[in-house]
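Note sheet for the following structure.
Readers should treat all values here as calculations from the given coordinates under stated rules, not as data from a laboratory. Values in this document were obtained by computation on a predicted structure and should not be read as measured data. Here the Cβ is made from the backbone with ideal geometry for all residues, glycine too, and neighbour counts use every protein chain on show.
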């Protein structure tokens, strides 16, 4: 990490401005896994630092790390619905799905961030695409919440997913010519039994959990 990463992460706005404006530090400098100062500022809820990076540092709001996560995944995992709304207002694509098939909903579900999940569904209107089993281990957001013991959130997410599936099926049947209802159809991904695994960007479930516990807690979960 560069000094700009640490200043952004810890909300040291004066220091960050000095680094960016007077010393010419790169606002989009990256760690080995592609993490930018903006991502760390967002993850830690440092809105003033994030605003400085964008307004004075010219940081790339849409930057993604090596796992395909942009700042919305960081805000979602932090459980910060206000930051999510702020990022969307600034123009960030909150619908991005990373290389493992994780949307912001998957990230929020892993951390029991109910307020973020509700915001993503009700305000950002993330659809069924963002609730499908992920590409790595076949886990939906509800599965991820349940695997962590967040059963109330898991039940709510499962209910939302079921409603979206019903709406999608109804729309598909209405689209058939002549108004003849087509038989129900379920995608192979949704029909498959999704194993209850937890994964974090780029890591398998057991590997990431064990690594975090052995290390006494990682700084970020990507």
TODO: In nm, give the distance between the simple-model label positions of residue 168 and residue 32, each being 7 Å from the Cα along the Cα-to-Cβ direction.
DONE: 3.8 nm
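For a test of the definition: using alpha carbon positions, the gyration tensor, and the 1.5 limit on a/c, classify region 60-118 as rounded, prolate or oblate. Please report the intermediate quantities before stating the final value.
Numbers: a/c = 2.05, a/b = 1.11, b/c = 1.85.
It comes out oblate by the Cα gyration axes.
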Task: Convex hull volume per residue in cubic angstrom - Cα atoms of region 1-63 - done: 64 Å³
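With all pairs of different alpha carbon atoms counted, what Kirkwood hydrodynamic radius in Å does region 16-133 show?
Details: mean 1/r = 0.0699 Å⁻¹.
So the Kirkwood estimate lands at 14.3 Å.
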- [ ] Determine the gain in length on full extension of the stretch residue 123-residue 14; use 0.36 nm per residue of separation and subtract their C-alpha separation, reporting nm with one decimal.
- [x] 35.9 nm
Open item on the list: Tell me whether region 113-161 comes out rounded, prolate or oblate; compute the Cα gyration tensor, take square roots of the eigenvalues as a ≥ b ≥ c, and use a/c under 1.5 as the rounded threshold.
Closed with: oblate
